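The values are calculated or read from the model by the stated rules, or taken from the named source; none is laboratory data. Just so we're clear, the structure is a prediction, and the values are computed from it rather than from any experiment. Positions of Cβ are backbone-derived with ideal geometry, glycine not excepted, and every protein chain shown enters the neighbour counts.
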């Protein structure tokens, strides 16, 4: 079995989470500048056996696509060209940021640490991954 990787794709930063090889445990991996995402993924795919990539699908409350969906679709087209063998699935990411903030508060992080957008993106990616795993 290979790992499952989840991406919380953003304009500036992308949060990344990954499972263990048995696909049981979801863990935050990193937050990388979005401009550096493709080289990061290329290196990661060379080092680790990844069988599936999940990409958050931002939706409005009425189930329509959010304004960031166009940028994500552009990324997915480039991703498909670069990694044609990699399976990709989309996961509804509504409320992941709010859930990530709640997770940070519940874990006892102070206000200063909760302002860390990179940590928020990584936790959001982990929530996307957990949503997929525990469905």
* Asked: Filter segment 56-72 for residues that are assigned to a strand (DSSP E or B) and free of Cβ contacts under 8 Å to residues at least 60 places away in the same chain; which is surrounded by the fewest Cβ atoms within 10 Å (Cβ to Cβ)?
  -> 65
* To do: Could you tell me whether segment 92-108 includes any residue that is at pLDDT 80 or above, surrounded by fewer than 17 Cβ atoms within 10 Å (Cβ to Cβ) and within 23 Å of residue 4 (Cα to Cα)?
  => yes
* Structure fact -> Heads up, the helices (runs of 4 or more DSSP H) in segment 81-135 (entirely inside) with at least 2 residues that are under 20 Å from residue 9 (Cβ atoms) and either under 12 Å from the mean Cα position of the chain (by Cα) or touching a residue at least 40 places away in the same chain (Cβ under 8 Å) (or both) are 96-106, 117-133
* Among the candidates 76, 37, which residue alone is under 19 Å from residue 132 (Cα atoms) and part of a helix (DSSP H, G or I)? -> 76
* Scan segment 1-34 for residues that are in contact with a strand residue (DSSP E or B) (Cβ under 8 Å, 6 or more places away or on another chain), within 23 Å of residue 100 (Cα to Cα) and outside any strand (DSSP E or B) and report the count. => 6
* Structure fact -> With criteria (1) surrounded by 14 or more Cβ atoms within 10 Å (Cβ to Cβ); (2) under 18 Å from residue 2 (Cβ atoms); (3) touching a strand residue (DSSP E or B) at 6+ places or on another chain (Cβ under 6 Å), residue 87 comes up short on (1)
